[in-house]
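The values are calculated or read from the model by the stated rules, or taken from the named source; none is laboratory data. Everything numeric in this text was worked out from a predicted model, so none of it was measured. Please note: Cβ atoms are built from the backbone with ideal geometry, for glycine as well, and neighbour counts cover all protein chains shown. Surface areas here come from the heavy atoms of the whole protein model, side chains and all, with no ligands, DNA or RNA. Shrake-Rupley method; radii C 1.70, N 1.55, O 1.52, S 1.80 Å.
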Amino acid sequence: MRLDKFIVEAGLATRTEVARLCKAGAVCVNGVVVRRASGHIEPVTDKVTLHGREVIWREFTYVMLNKPDGYVSATDDGKFPTVIELLPDELQKIGLFPCGRLDKNTLGLMLLTNNGPLAHKLLAPKNHVDKKYRFTVKFPISDADVTDLESGVDIGGYVTAPCKVEMIDEKNGYITLTEGKYHQIKLMAEAVHNQITHLERVTFGPISLDTSLERGEWRFLTPEEEKALEDRGVSAVLGAKE
Ligand code: URA
């Protein structure tokens, strides 16, 4: 594996930064300073250090993105820009894909990973991983609407599973779903004769949107967030077996 790819995938720097760090003598392989970022290493057996600290190789990469308006949650699209295009070149080449879809005009928390089995576990409806959204609607929502939304509404022949609605005021609130049907929240709003005018995902399972990220910005998940996500994947599977 290339040295720069190894360090990028460890979540420590971008490819351009790795080149600079190598030139500056900050990177060692098996105790020897390596100034060429394009050199090859053996990820499991070689010991790579950055500023004297060991770089641990990661099999999978996890990225949090604050999705802006106008981008589709896909790896490829003939018509619109994809969320993958918001990542630097080196991260576009490591098989990342969006973990669950958001509509083109929905904003907020998007997780991207190349850990297919984990994404599959987190998205399987039977595993009930919570996703929380901040919404605004066109018309005031009544208490009766909240009760209907929470207990389940018919969205074109499918009755939605119980969910949680917390109103901030009569037009703004949070909705927490454990499932993800196509256009679900928009269709739920229509089922109570309303219309979504703003939708933003704020949590996905144990992960919350980092509010310091501007729209279109991304960062790697921290080791704690990665662990929480992987643990949620494990508990999802165990829970589903009960
Ligand atoms: N529900 C929707 O209607 N749109 C989304 O993007 C997510 C949930």
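Summed over the range 75-107, the residues that are within 14 Å of the ligand (Cβ to nearest atom) and of a type in the set (S, T, N, Q) give a count of 2. Being in contact with a Phe, Trp or Tyr (Cβ under 7 Å, 6 or more places away or on another chain), modelled with pLDDT of 95 or more and open to solvent by 30 Å² or more (accessible area, probe 1.4 Å) is the requirement here; does VAL202 meet it? For VAL202, the condition - in contact with a Phe, Trp or Tyr (Cβ under 7 Å, 6 or more places away or on another chain), modelled with pLDDT of 95 or more and open to solvent by 30 Å² or more (accessible area, probe 1.4 Å) - is met.
Regarding LEU96, is this residue surrounded by 14 or more Cβ atoms within 10 Å (Cβ to Cβ), over 27 Å from MET1 (Cβ atoms) and not polar (S, T, N, Q)?
So LEU96 does not fit the description; no.
Does THR197 meet the test of being within 14 Å of the ligand (Cβ to nearest atom) and touching a Gly at 6+ places or on another chain (Cβ under 6 Å)? Considered against the rule, which asks whether it is within 14 Å of the ligand (Cβ to nearest atom) and touching a Gly at 6+ places or on another chain (Cβ under 6 Å), THR197 comes out as no.
Flag set for ALA191, criterion: within 14 Å of the ligand (Cβ to nearest atom), open to solvent by less than 60 Å² (accessible area, probe 1.4 Å) and not acidic (Asp, Glu). Looking at the range 83-102 only, could you name the residues that are aliphatic (A, V, I, L, M) and not in a helix (DSSP H, G or I)? Scanning the range 83-102 gives LEU87, ILE94, LEU96, LEU102.
Here the range 103-123 is the region considered, the condition is being open to solvent by less than 20 Å² (accessible area, probe 1.4 Å) and not in a strand (DSSP E or B), and the residue that is nearest to LEU65 (Cα to Cα) is THR106.
Within the range 125-175, the residues that satisfy the criterion of being among the polar types (S, T, N, Q) and either open to solvent by less than 20 Å² (accessible area, probe 1.4 Å) or at pLDDT below 95 (or both) are ASN127, THR160.
For the range 39-82, the tally of residues that are assigned to a strand (DSSP E or B), open to solvent by 80 Å² or more (accessible area, probe 1.4 Å) and either under 18 Å from LYS93 (Cα atoms) or in contact (Cβ under 8 Å) with a residue 60 or more places away in the chain (or both) stands at 1. Considering GLU42, GLU85, GLU9, GLU59, the condition of being among the acidic types (Asp, Glu), out of contact with any helix residue (DSSP H, G or I) (no Cβ under 7 Å at 6 or more places or on another chain) and more than 30 Å from LYS132 (Cα to Cα) is satisfied by GLU42 alone.
Mind checking which pairs have a first residue in the range 220-241 that is modelled with pLDDT under 90 and a second that is open to solvent by 40 Å² or more (accessible area, probe 1.4 Å), Cβ under 7 Å, 6 or more apart or different chains? Matching pairs, first to second residue: ARG232/PRO206; GLY233/LYS121; ALA236/LYS121; VAL237/LYS121; ALA240/LYS126.
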